[in-house]
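Read-outs: derived from the displayed coordinates by stated rules, not from any lab. Predicted model only: the values in this text are computed from it and were never measured. No Cβ is skipped: glycine too gets one built from the backbone with ideal geometry, and neighbour counts run over all protein chains shown.
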Amino acid sequence: MDYIHWSMQQDENNICWLLFDYKDSAMNILSSTALQELDHILDQINDSKVQAIVFKSLKSSGFIAGANIKEFVGIDYDAALELITLGHTVMNKIEAMKCNTISMIHGFSMGGGTELSLACDYIVCSDDVSTRLSLPEVKLGIHPGFGGSLRCIRRIGPLAAFDMMLTGRAISAKQARRIKLVDEVTAQRQLERAAIAFAHKKPSSRKQSIKNRLLNNALVRGFLARKISEKVARKAPKAHYPAPYKLINLWLKYYDFPKKMLEKEAISVAELVADPTAQNLVRVYFLQEQLKSLGDKKLFTPLHVHVIGGGIMGGDIAAWCAFKGFQVSVQDQDPAILAKTIQRACQLFKKKLRDERLITNTLDRLTADHKGYGIEHADIIIEAIFEDAKVKQTLYQSIEPRMKKGAILATNTSSIPLETLASCLKNPGRLVGLHFFNPVALMPLVEIIHGEQSDKKTIAKVAAFSRHIDKLPLAVKSSPGFLVNRILMPYLLEAIIMYAEGIPAEAIDKAALEFGMPMGPIELADTVGLDVCLSVANILSESSNTPVPEQLEHMVKTGHLGKKNNKGFYSYRNGKAQKDSTRSYKNMKDVQQRLILMLVNEATACLRDKIVDNEDLLDAGVIFGTGFAPFRGGPIKYIHDNGKHDLQTQMDSLKKQLGERFTQDNGWDLV
Ligand code: NAI
C-alpha cells in the first residue's frame with residue numbers, strides 16, 4: 001500500500017518514527033483515509049522487534065487538529081459508527097503494542113490528536129506557547145469518540161478529565177504537566193531527545209493516585225456524576241446539549257468495564273453526531289471558518305490604534321485592542337471617565353492574563369489621552385462617542401485635518417447611516433463602520449459596514465484589522481440597524497411590550513433562555529442601555545413602521561438607562577441584575593413564540609433587503625452577534641428545520657390576536 005499522509009523511518013536506536021504530514025493541507029487531520037493508512041502501518045510493524053514507536057508531526061502548524069469535521073456533515077448513524085469504529089481499531093492497536101509508544105507534541109493537539117496521544121504509553125511535549133492540548137468535541141455537540149473518554153479519565157482522573165472534556169478548552173504544556181496528562185515538557189530543540197529517552201524506559205505502569213481511585217469508585221461515581229451534571233446544566237441544558245450528559249453517563253455506568261465503555265462510547269458518539277444538535281454545531285463551526293476567511297491579516301497591520309470615547313464600548317474596545325497586542329490611546333472628553341476606562345481595562349487584563357509581568361506590559365500599551373494626541377499618530381481611529389449624528393460629525397470635522405494620510409476612520413455607531421456621517425468628511429471613503437457588540441471581550445462578531453461612499457480597500461483593511469484582534473468580520477450593507485440590531489430590535493421590543501402587558505421580566509427572560517439564548521431580552525436591553533435601544537428603535541421605526549413601545553420611552557425619560565446607571569427593567573447591584581425568581585408566568589410557550597417569530601420574521605426581511613450576501617452569512621451574523629442558540633443553527637436554519645409553513649401559520653394567528661406587527665415579511669418567499 002502506498003501511503004500519502006504517513007511515512008515511516010527506522011533509526012539506529014531501532015525506534016520506528018511514524019511521521020504525519022497530511023497531504024495538501026496546512027495541518028494534520030485524522031480523516032478516515034489517514035486512519036486507514038495508520039491502521040495498515042501499525043499492522044506492518046513488528047512490535048516485538050522495534051524498541052519503540054514515536055508519533056511525530058512534520059507540520060510546522062502543530063501536531064494533529066483532530067478528526068476531519070467535513071466527514072461529519074450530513075452523516076447518518078451507520079456511517080458515523082463505521083468511522084468511529086475505525087478510530088477505535090487504530091487507537092486500540094496503538095495501546096496494545098508490545099513496544100513503547102510515544103507521542104511527541106509541538107503546537108496544537110486537538111480532539112483525535114489528543115486521543116491518539118492518550119493511547120500511547122508516554123506523551124512528551126514542547127514548552128512553546130503554541131503547544132496547547134484539548135479535547136474540544138463537546139463544542140461540536142459530541143464527546144471524545146476514539147477511546148479518549150476512558151483513557152483521559154484513566155490517565156488524569158475524573159475531575160481534571162471532565163474539566164477538559166466538558167469545557168473543551170485548550171491547556172498549555174505547563175498545565176498538561178501539572179495534571180499529569182503529559183510525562184515531560186521540554187524545549188522544542190530537546191523534544192526528540194526526550195522521546196528517545198522514553199523509548200528506552202520500561203513500559204509504563206501508570207498507577208492511579210489514591211484520590212483518583214476513590215473518585216472513580218462505583219460508590220462515589222454516582223454522587224460525583226450528579227454534581228458534575230448539575231454544574232453542566234447551568235450552562236448547557238440537557239434538552240439542548242445532550243453530549244455532556246451522555247459522556248458523564250458513560251463513565252457512571254461503564255467505567256468498571258473498560259471494553260464495554262469503549263463500545264458504548266462509539267455508539268454514543270455515532271448517535272450524537274447524526275443528531276440535529278451536532279449537525280447544527282458543525283455547521284456553525286464552518287460558518288465561523290467562513291467568517292475568519294473574510295479578513296486577510298496581511299492586508300493591514302496598524303502600529304497605533306486611537307479610540308475616541310472611553311464609555312462602555314470605546315473603553316472596552318481600547319482595552320481589547322491593547323490586550324491583542326496593539327499600541328492604543330483612548331480619548332474621552334471627560335477625564336473621570338478615562339480613569340474608569342483604565343480601571344476596567346486593568347480588571348480585564350488581570351482576568352485574562354493572571355501574570356503580573358504580562359498585565360503590566362499590556363497596561364503599558366494602553367494610554368489615557370484626554371487631549372487626543374494619538375489622533376496624529378494613529379493608523380486607525382475608532383470612534384465610539386454618543387449615538388448622535390451631529391455630535392459625531394462635529395468630531396469628525398475637527399479630527400480629519402489632524403489625521404495621518406491614509407489613516408482609517410471607523411465608527412462604532414449602532415444605527416446611524418454611514419452616508420450621513422461621511423457627508424461632512426473631505427475624504428468620505430476613509431469612513432467605515434466597525435460595529436462591535438457588548439460586551440466586547442465576549443462577543444466574537446464585528447459588523448463591517450460599508451456605505452456607498454466607502455472605499456473598497458479600506459473595507460478590506462478593516463476586515464484585516466478585525467482578524468488581528470481576533471474578531472469575526474461580517475460585511476454588512478449600511479442600512480438602518482445594519483444586520484444584528486435590526487434583527488434583534490423587534491425581538492427586544494416585543495419583550496418590552498410583554499413587560500408592559502404585565503408579564504414579569506424574569507419570565508420573559510426565562511422563556512428566551514429556555515429557547516437557548518445566552519441572555520434574556522429584558523436583561524439584554526438593560527445591558528445595551530435603554531437610551532441606546534431607544535435611539536436604535538426610533539431609527540428603525542422610521543424605516544419599518546415598527547412602533548416604539550411607550551414603556552421604553554417612559555423608562556428613558558425617567559432616567560432608567562439600564563445596567564450603566566444600575567436602573568433599568570431590573571435594578572443592578574455590583575453589576576448583577578436583581579431578579580426575583582418567584583415571579584413566573586403560566587404561558588411560557590406563548591412568550592417564546594412571540595419573541596422568536598418577531599426575530600425570524602425580521603431575519604427574512606434582511607434577506608429581502610440583501611443586508612448580507614446570503615442565508616449562511618445571515619445565520620452566522622445572528623449567532624455570533626447575538627449568541628442566538630447555536631444548536632439551532634441560526635434563524636434561517638430554524639425556519640428550515642421547523643417548517644416554514646407552520647411558522648407562517650403561527651405568524652398569521654398572532655397577527656389576528658395581537659396586530660399588524662406580526663405581518664409576514666415578503667422575505668419569507670426567499671427562504
Ligand atoms: P457611552 O455613553 O457609554 O460612552 C460615550 C463616551 O463618549 C462618553 O464617555 C463620553 O464622555 C464620550 N464622548 C462623547 N462625545 C465626545 C467627544 N466629542 N470627544 C470625546 N469623547 C466624547 O456610550 P456607549 O454605549 O459606549 O456607545 C458609544 C457608541 O457605541 C455609540 O455610537 C453606540 O451607538 C455604539 N454602540 C453601543 C453599544 C452598547 O451596547 N452600548 C453596542 C454597539 C455600539
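Sort the following peptides by mean Cβ neighbour count (other Cβ atoms within 10 Å, averaged over residues), highest first: 205-212, 129-136, 484-491, 344-351. Before the final figure, lay out each step's value.
Values: 205-212: 11.1, 129-136: 20.2, 484-491: 25.2, 344-351: 16.5.
So the peptides 205-212, 129-136, 484-491, 344-351, ranked by packing, come out 484-491, 129-136, 344-351, 205-212.
Reducing region 1-73 and region 143-212 to their Cα centroids gives an inter-centroid distance of 20 Å.
Residues R467, R357, R402 in ascending order of nearby Cβ atoms (within 10 Å, fewest first): R357, R402, R467.
For region 170-321, the extents of the C-alpha atoms along the principal axes are 60, 49, 30 Å, listed from largest to smallest. Long hydrophobic helices in the chain, taken as whole DSSP H segments with a C-alpha length of 30 Å or more on their own axis and mean Kyte-Doolittle hydropathy at least -0.5: 588-608.
Note on region 6-274: Kirkwood radius taken over Cα pairs, Stokes-Einstein applied at 25 °C and 0.890 mPa s, translational D equal to 132 µm² s⁻¹. In summary, region 197-245 shows an alpha-carbon radius of gyration equal to 1.77 times the 2.2 N^0.38 Å reference for compact globular proteins. For the set K390/K456; K510/K567; K231/K253; K610/K656; K298/K350; K586/K655, the pairs lying more than 24 angstrom apart at their alpha carbons are K390/K456; K610/K656; K298/K350. Cβ crowding within 10 Å, taken as a proxy for footprinting-reagent exposure, orders S61, S478, S172 from fewest neighbours to most as S61, S172, S478.
Inverting the pair-averaged 1/r between distinct Cα atoms of region 110-233 gives 15.3 Å as its Kirkwood hydrodynamic radius.
Using only DSSP helix segments of four residues or longer, with each worth -39500 (n - 2.57), what per-residue ellipticity at 222 nm results for the chain after dividing by its residue count and rounding to 500? Helix-only estimate at 222 nm: -15500 deg cm²/dmol. Amide H contacts for I380 (H built 1.01 Å from N in the peptide plane; partners 5 or more residues away or on another chain; cut-off under 5 Å): H304, H306, I408.
Once the gyration tensor of the Cα atoms in region 1-155 is diagonalised, the equivalent ellipsoid follows with semi-axes of 23, 18, 16 Å, ordered largest first. Here is the size of region 472-545 from its Cα atoms: Rg then Dmax, 13.0, 39 Å.
Backbone amide hydrogens, once placed in the peptide plane, bring S571 within less than 5 Å of Q578, excluding anything fewer than 5 places away on its chain. Only alpha carbons enter this Debye calculation for region 472-619, each as an equal point scatterer, and the log10 of I(q)/I(0) it gives at q = 0.11 Å⁻¹ is -0.42.
With the cut-off at 23 Å, report for region 560-647 the share of all Cα pairs above it, as a whole percent.
On the way: 1677 of 3828 pairs.
That tail contains 44 percent of the Cα-Cα pairs.
Whole Å is fine, so just give me how far the alpha carbon centre of region 262-324 lies from that of region 326-353. When both Cα centres are located, 24 Å separates them.
Cα-Cα over 21 Å: which of K340/K579; K207/K246; K174/K351; K238/K471; K139/K471; K56/K93?
Numbers: K340/K579 27 Å; K207/K246 27 Å; K174/K351 19 Å; K238/K471 29 Å; K139/K471 18 Å; K56/K93 17 Å.
Cα-Cα > 21 Å for K340/K579; K207/K246; K238/K471; rest within.
Highest mean packing first, where packing is the average number of other Cβ atoms within 10 Å per residue, the peptides 17-23, 255-261 line up as 17-23, 255-261. The largest-to-smallest principal axis extents of the Cα set in region 297-477 are 46, 32, 27 Å.
Quick one, what does Rg over Rh come out to for region 237-318 if you take C-alpha atoms and the Kirkwood Rh?
Numbers: Rg = 21.9 Å, Rh = 17.1 Å.
Rounded to two decimals, Rg/Rh equals 1.28.
Using the alpha carbons alone, the radius of gyration of the chain stands to its Kirkwood radius in an Rg to Rh ratio of 1.00. Counting other Cβ atoms within 10 Å as a rough exposure proxy, the listed residues K579, K246 run K579, K246 from fewest neighbours to most.
Which of rounded, prolate or oblate describes region 53-137 when judged by the alpha-carbon gyration tensor and an a/c cut-off of 1.5?
On the way: a/c = 2.73, a/b = 1.32, b/c = 2.07.
Oblate, because a/c is 1.5 or more while a/b does not exceed b/c.
Taken over the Cα atoms of region 436-511, the convex hull encloses 94 Å³ per residue.
Translational D (Stokes-Einstein, µm²/s) of region 385-469 at 20 °C and 1.002 mPa s when Rh comes from the Kirkwood sum over C-alpha pairs? Please list the in-between numbers first.
Values: Rh = 13.2 Å.
The Stokes-Einstein estimate is 162 µm²/s.
Shape class of region 20-77 from the Cα gyration tensor (axes a ≥ b ≥ c, square roots of the eigenvalues): oblate, since a/c reaches 1.5 or more and a/b does not exceed b/c.
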